[in-house]
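First comes the structure, then the notes that go with it.
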Ligand SMILES: Cc1ncc(COP(=O)(O)O)c(C=O)c1O
C-alpha cells in the first residue's frame, strides 16, 4: 500500500475530473461511473440515451461482470509465461480456479472457458464438476483438484470415486491419513496430492511443525502418507500442496513462508520421482481498494528462482507450478449497486447516507473481518463531495461502512437526489458467505442480479435474474401466505 490507510473511493471535496480512471475497469464519463463501457447509472433511468432496458432496473442490483474473470486469468497466465521465459524455468504453470470463492454457474462456466483448471472442497462441488463435464466445459485435459476434508466413509470421498469414472485428471489432495483407505481400496487409478500443514506465517519447518493449524498433514504423517501411496498399486503421487494464507500483500514474505514447503517438496521428490506439481494453493491477492499494490511479476520471479535454487540443491528437477486462485479470479467481477434513500445529520460528526439494502449481509467481511471494498457514486461525480458514513437499511448498529475500526475516509456527492452508489470488488466470498437464496438479516430480500457478458460486435449481453419478493422471504421462514 502506498498510503497508511486503504483508499476506498474519491478522497476529495472537489468533483471527479471527466475521463478519470479509478482503476483498469472503473472510469468517469459525463459525471457518471462506467464499468468498462457499461454506464451503471443508466440501468436505473427510464429514458436516457443508450437505454438498454425498457424499464429502469430495481435497486439494489448486483452486477456480475463476467469479462473481468477472463481478463484476470489470461493476465496471470501471461505473467507466468513471461517470468518462466525470463528465468529459464523448466516447468509449466497451471492456473486453477478455487471454486469456494464463488461457485455460481456463470462464474464456473467462465473460469473453465477461460482456460482454468478446477479446484473444489466439498461433495456438492463434485456435483457441479459433473454438470460441467456433461456440458463439455470441464474437458479431459483439465485437472480437478479435490481439497478439503474427505473422510473415507463420507459422501465427498465416495462422490470423488464416482467422478473418477468420467474424468481421469482428478487429484484428491490428502489432508489426513484417514482419507487414504477409500482411495486405496477403490482399486481405481488416481493421481494423488499431499497437503503439508503450512498454513500460517512460518519460515522454518520447526515453525510449521509447531503451528496450530487444522489444515494438511504434519511432516511425519506426510512421509507416512507418501509411503502408503507408493505401496498402493493404483495410486500415483503427483502433487504437493503448500498453502500459507489469503490476500498476502508482500511478495517476499509470501515466498519466504512457502520456502519450508519447497524444501519439503524437494526432499519428497528425491524419494518419489512421480511427484511433479508444486501447488502453492491460494493467497494471491486481488485489488479490493484503490491503492492496492502487489508486483505479481516479482512474486512469480521469487517463487520460480527459489524453486530453482532449492531443487538444484537437492538435485531434483524443478516442478510444474500450480496456484489455486480464488479471490484473484473473482473479486473484481462483482459489484453491488444501491440507492441512497435518506441523508441525515443526527448531530453526528459525519452525515449518514442510508442505502436501500444491507451492507453487513451483502458483504459479511466488512463487519466480520473489517475488510475494505471500493465504494463510488454512479452519478453526480461532477459535483462537490463530502465525507460521509454509510448505513444499511437494517436496524443493526454494525450495518455501517467504512468498517468501525477503519481510518479510511469515505467521500460521496453532497447532492443526494437520486444518488446511486456501488460497492466494487465484492465478487469473491461475500455472496457465498452471505448465502444465496434463503432469508437474510432483518428479512431484507435479496437483490436482482444482472449478468453482463460481451456479445458480438462489441455489444453487451445481459441476463437479469429476479431477486426475492417479500413472499419468498416469508415462505423461506415457514409462513403460510394467504392468497
Ligand atoms: C485449499 C485452498 N485453496 C485455495 C483457496 C483460495 O484462496 P484465495 O481466495 O486466497 O485465492 C483457499 C481459500 O481458503 C483454500 O482453502
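Against the chain, whose longest principal axis comes from its Cα atoms, helix 219-231 is set at around 60 degrees. When the helices of the chain are scored as -39500 (n - 2.57) per DSSP H run of n ≥ 4 and the total is divided over every residue, the value at 222 nm lands at -8500 deg cm²/dmol.
For the range 118-198, with equal point scatterers placed on the C-alpha atoms only and solvent neglected, what are the log10 I(q)/I(0) values from the Debye formula at q = 0.13, 0.21, 0.26, 0.27 1/Å, to two decimals? Summing over Cα pairs of the range 118-198 leads to -0.34, -0.91, -1.38, -1.48. Each peptide in 127-139, 421-433, 107-119 gets a packing score, the mean of other Cβ atoms within 10 Å over its residues, and the list from highest to lowest is 421-433, 107-119, 127-139.
Between residue 30 and residue 165, the simple spin-label model (points 7 angstrom out along Cα→Cβ) gives 5.8 nm. With R₀ set to 41 Å, the beta-carbon distance separating residue 127 from residue 212 gives a calculated FRET efficiency near 0.80. Percent of Cα-Cα pairs more than 17 Å apart in the range 263-394, please. Of all Cα-Cα distances in the range 263-394, 72 percent exceed 17 Å.
Assign one of three labels to the range 89-325, namely rounded, prolate or oblate, based on the Cα gyration tensor with a ≥ b ≥ c the square roots of its eigenvalues; rounded applies when a/c is under 1.5, prolate when it is not and a/b is larger than b/c, and oblate otherwise. Note, shape of the range 89-325 comes out oblate.
Multiplying each eigenvalue of the alpha-carbon gyration tensor of the range 41-160 by 5 and taking the square root yields semi-axes of 34, 24, 12 Å, largest first, rounded to whole angstroms.
Going by neighbour counts of Cβ atoms within 10 Å, the residues 411, 460 line up, fewest first, as 460, 411. Computed from label points 7 Å out along Cα-Cβ, the spacing between residue 12 and residue 75 is 2.4 nm. Return the tail of the calculated pair distribution for the range 338-405, meaning the percent of Cα-Cα pairs more than 14 Å apart. Every Cα pair in the range 338-405 considered, those over 14 Å come to 60 percent.
Between helix 296-313 and the chain there is an angle of about 10 degrees, using the helix long axis and the longest principal axis of the Cα atoms. For the chain, the spread of Cα coordinates along the three principal axes comes to 71, 56, 48 Å, biggest extent given first. Against the chain, whose longest principal axis comes from its Cα atoms, helix 67-87 is set at around 40 degrees. Computed over the range 89-325, relative contact order equals 19 percent, with contacts defined as Cα pairs under 8 Å that lie 6+ residues apart.
Using the Cβ-Cβ distance between residue 55 and residue 369 with R0 set to 41 Å, the FRET efficiency works out to roughly 0.65. Projected label points at residue 267 and residue 469, each 7 Å from Cα along the beta carbon direction, are separated by 6.4 nanometres. From the alpha carbon centroid of the range 129-178 to that of the range 363-386 is 39 Å.
Only the coordinates and a few stated rules stand behind these numbers; no lab work does. Because the structure is predicted, anything quoted here is derived from the model rather than measured. Cβ atoms come from the backbone with ideal geometry, glycine included; neighbour counts cover every protein chain shown.
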